[in-house]
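This report refers to the structure that appears directly beneath it.
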């Protein structure tokens, strides 16, 4: 097997390359930015670069993208070029090369306005059955690329799985009010309850998708840490999230209190990863309970892979990692 990893200089691309190399799997990294994990420096927007990168490849892990924070630094046309045209180039080259499967890294941000119910309303319970309502060019282009994957599966019979990942970057929150109100680890660990995932679990999901793509053909999957909540908790989570959490994880109040931490007063959404666990055979390891115990023990709550990669930042003008 020879795997093409796009966006190899980025957070997820590096994580995929590190893991594949550690497992002695033949992997080729493609990125516009040179790095220790980039074998081919070039853009997915350039068809000649894509064609050359695809030679001999049997599977594609497509993680290259312009991200949500790039909305502030890149044009809308750049998002279309990278996220849509770049994905189309890769899909066409994959078909021409008779690639066995294509795994596309999408985002839970594609759900957009479906994630924000009115104040006091139940938390939105987000499964793959919720229809996306993109609210910016990032979400629009990611959904368009997902639909291209579906098209190529239907018309060219290319097995394509879409992984909608929740946030896994270590950078500070992009909402100033949250940065001011919460210590970084306090907020990130709380987000594991409903909207965050560790990059090591994201990599594991991609590897599961490689194994299952031929069998499943096409599918969209939410990749987020397993929540301790159930759908029946949604109404109360929209009013009093700490109370619900204290029932689900009784040790939480004492540990948060000892750290001087606070819980988010309400939750607006919860990502449900059940379909990915059932159909992909994915077994995420880094959930809220594990992180809470690590913090209580004075240990680092992040995976070894997340610690090895560290922070890269978002706003490189020349890159789409």
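Okay, here's what the table says:
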quantity	calculated
FRET efficiency estimate (nearest 0.05) - Cβ-Cβ, residue 180 to residue 156, R0 45 angstrom	0.35
Nearest-ten-degree value, helix 199-216 long axis tilted from longest Cα axis of the chain	50 degrees
Tilt relative to the chain, helix 137-156 - C-alpha long axis, 0 to 90 degrees, to 10	50 degrees
Relative contact order of region 122-251, pairs being alpha-carbon contacts under 8 Å that are 6 or more residues apart, as %	37 percent
For 160, 149, 208, order by how many other beta-carbon atoms lie within 10 Å, fewest first	208, 149, 160
Fewest-first sequence of 158, 61 by Cβ atoms within 10 Å of each Cβ	158, 61
Computed over region 241-281, Kirkwood Rh from alpha-carbon pairs, angstrom	12.2 Å
Folded to 0 to 90 degrees: helix 11-22 orientation relative to the chain principal axis, Cα	70 degrees
Ratio Rg/Rh [Cα only; Rh per Kirkwood] for region 8-54	0.98
Principal semi-axes in Å for region 66-138 [√(5λ), Cα gyration tensor, largest first]	29, 18, 7
Estimated [θ] at 222 nm from DSSP helical runs (n ≥ 4, -39500 (n - 2.57)) normalised by residues in the chain, nearest 500	-11500 deg cm²/dmol
For region 1-104: Kirkwood Rh in Å [reciprocal of mean 1/r, alpha carbons]	13.5 Å
Share of pairwise Cα separations in region 109-169, more than 14 Å, in percent	64 percent
Cα centroid of region 209-285 to Cα centroid of region 27-51, whole Å	35 Å
Convex hull volume per residue for region 269-313, taking Cα atoms only, in Å³	134 Å³
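Rule-based calculations on the coordinates, nothing more; no lab input. Here the structure is a predicted model, which means the values were calculated and not measured. With ideal geometry, Cβ positions are generated from the backbone for all residues, glycine too; neighbour counts draw on all protein chains shown.
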